[in-house]
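Asks: Sharing a structure below in structure tokens format, with a few things to ask.
The values are calculated or read from the model by the stated rules, or taken from the named source; none is laboratory data. Because the structure is predicted, anything quoted here is derived from the model rather than measured. Counting neighbours? That spans all protein chains shown, and the Cβs are built from the backbone with ideal geometry, glycine included.
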Amino acid sequence: MAETHEAFYSCRDNCQCSRCIHQETKQRMVDTFSIPDDVNALWRGISYDLKSVTINWTDGHIGIYPFTWLSAHRFQNDDRKSVSPPFYFRPFEAISCNSTYQTFPTVSYDNVMAKEEGILEWLEQILKWGFCCVRGVPVAPKSTEALLERIAFIRNTHYGGFWDFTSDLTFKDTAYTTDSLAAHTDNTYFTDPARLQLFHLLSHTNGEGGATLLVDGFRAAQQLMEEDEQSCRMLAKFSQSFHSSGNEHVCIQPSKAAKVFECDIRTNELQLIRWNNYDRGAKTDWTIESEKLWYSAARHWNEIITRPEMEIWLQLQPGTAISIYALSSSAKSTEVLI
Ligand SMILES: [Zn+2]
């Protein structure tokens, strides 16, 4: 048998040549299971040019791997998973509670609507800060909807996809009343919660309403990590059930229980925070010891997100929409987690 380089099977399976990957849809065309399970790269069968690497495989296939693709799919260092801390943070910035409205990350509606670069700038601000204001939005539902659709299609929910609401209980959810809510994320009862939300106050009667409180969830998680790694570990370990049951004939739960801190399984970076104590169901599949650990961690987390220095207040105003990385709202006083 010819000498070979030992290679990852997944590398052959993910060949980027036009026979293996449809060049437009990027869907896999190679029959994964027809590739021999002992496939390897031929000895001296690896070459490259300015754009890509070519691998001659033992099954006779010539694989092509553009450098851009390789760079986006680098193997993560597995050692990272076995050492503490419980998880990592991707780079992000946090707004100080003393920030004024003028210093909040902001983009202009005209820029977003006119140029692709405008959308990129908007998305980068949201990713970096967790939220971003859009100034100069025409005060009408249609314009607000068009703004959203610059990013992507609108996710549908049992409330609809895009809607305007006033403070009542049509939606049978306390988020739509004037009761103020503690900091939380929305859609905890979905298997895949919507991550971006946009709010635009369209009318403002008698100066009431629109006061919105943001809490930066990543900053709070970083604080918890500094104060007590064990709490972070517990919130990233035990899954909880969540539900939406307020509307007649509606009961929504995720297809599987979910953790408060969801981490990327490849990089172990914090990816999603799922925190809504109102919608948390009763958990039954744990021991009394585990339960104590989780409640103690949750209490610490709750204490951090209610600290005054974690609060970022902003007043929603007609003409300025705010896009947030996972949040909730009420008409009068809103506390949201980003
Ligand atoms: Zn191929």
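Asks: Can you tell me which residues in the stretch 1-18 are more than 12 Å from the ligand (Cβ to nearest atom) and more than 18 Å from R74 (Cα to Cα)?
Replies: Once the filter is applied, which keeps residues that are more than 12 Å from the ligand (Cβ to nearest atom) and more than 18 Å from R74 (Cα to Cα), the stretch 1-18 yields M1, A2, E3, T4, H5.
Asks: If you don't mind, there's one more thing I want to ask. Residues of the stretch 115-131 being out of contact with any strand residue (DSSP E or B) (no Cβ under 9 Å at 6 or more places or on another chain), over 23 Å from F218 (Cβ atoms) and not acidic (D, E), which ones?
Replies: Hit for the stretch 115-131 is K115, nothing else.
Asks: Scan the stretch 75-92 and give yes if some residue there is more than 13 Å from the ligand (Cβ to nearest atom), in contact (Cβ under 8 Å) with a residue 24 or more places away in the chain, within 27 Å of A221 (Cα to Cα) and among the acidic types (D, E), otherwise no.
Replies: no
Here's the yes/no breakdown for (1) out of contact with any Leu (no Cβ under 8 Å at 6 or more places or on another chain); (2) touching a residue at least 60 places away in the same chain (Cβ under 8 Å); (3) farther than 14 Å from Q240 by Cα:
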residue	(1), (2), (3)
N277	yes, yes, no
G281	yes, no, no
T284	yes, no, no
T287	yes, no, no
E291	yes, no, no
A298	no, yes, no
W301	no, yes, yes
E311	no, yes, yes
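Asks: Now for a different question. Could you tell me which numbered condition D110 fails, if it satisfies all but one of (1) at pLDDT below 95; (2) more than 14 Å from the ligand (Cβ to nearest atom); (3) closer than 30 Å to E149 by Cα; (4) in a helix (DSSP H, G or I)?
Replies: (1) is the only condition that D110 fails.
Asks: Give the number of residues within the stretch 19-41 that are over 21 Å from E6 (Cβ atoms) and within 11 Å of the ligand (Cβ to nearest atom).
Replies: 4
Asks: Got at least one residue in the stretch 252-273 being buried (at least 16 other Cβ atoms within 10 Å of the Cβ) and in a helix (DSSP H, G or I)?
Replies: So the first thing to find is which residues in the stretch 252-273 are buried (at least 16 other Cβ atoms within 10 Å of the Cβ), and the list is 252-254, 258-263, 268, 270, 272-273.
Those left that are additionally in a helix (DSSP H, G or I): none.
The answer is no, given that none of the residues of the stretch 252-273 is buried (at least 16 other Cβ atoms within 10 Å of the Cβ) and in a helix (DSSP H, G or I).
Asks: Okay, moving on. Test G160 against the stated conditions and say whether it is touching a residue at least 24 places away in the same chain (Cβ under 8 Å), at positive phi and out of contact with any helix residue (DSSP H, G or I) (no Cβ under 6 Å at 6 or more places or on another chain).
Replies: Criteria not met by G160.
Asks: Then there is this: Please report, ordered by residue number, the helices (runs of 4 or more DSSP H) entirely within the stretch 1-97 with at least 2 residues that are modelled with pLDDT under 85 and not assigned by TED's automatic domain parsing to the domain that holds Q230.
Replies: Result: 9-13, 79-82.
Asks: Condition (residue is part of a helix (DSSP H, G or I), surrounded by fewer than 13 Cβ atoms within 10 Å (Cβ to Cβ) and under 18 Å from the mean Cα position of the chain (by Cα)) applied to the stretch 119-127: is it met by at least one residue?
Replies: Taking every residue of the stretch 119-127 in turn, at least one turns out to be part of a helix (DSSP H, G or I), surrounded by fewer than 13 Cβ atoms within 10 Å (Cβ to Cβ) and under 18 Å from the mean Cα position of the chain (by Cα).
Asks: Of everything in the stretch 42-58, what is surrounded by fewer than 13 Cβ atoms within 10 Å (Cβ to Cβ) and either within 12 Å of the ligand (Cβ to nearest atom) or of a type outside the set (D, E, K, R) (or both)? Give them in sequence order.
Replies: The answer is W43, S47, Y48, L50.
Asks: Looking only at residues that are under 24 Å from R135 (Cβ atoms) and touching a Pro at 6+ places or on another chain (Cβ under 9 Å) in the stretch 153-185, which one is modelled with the highest pLDDT?
Replies: F162
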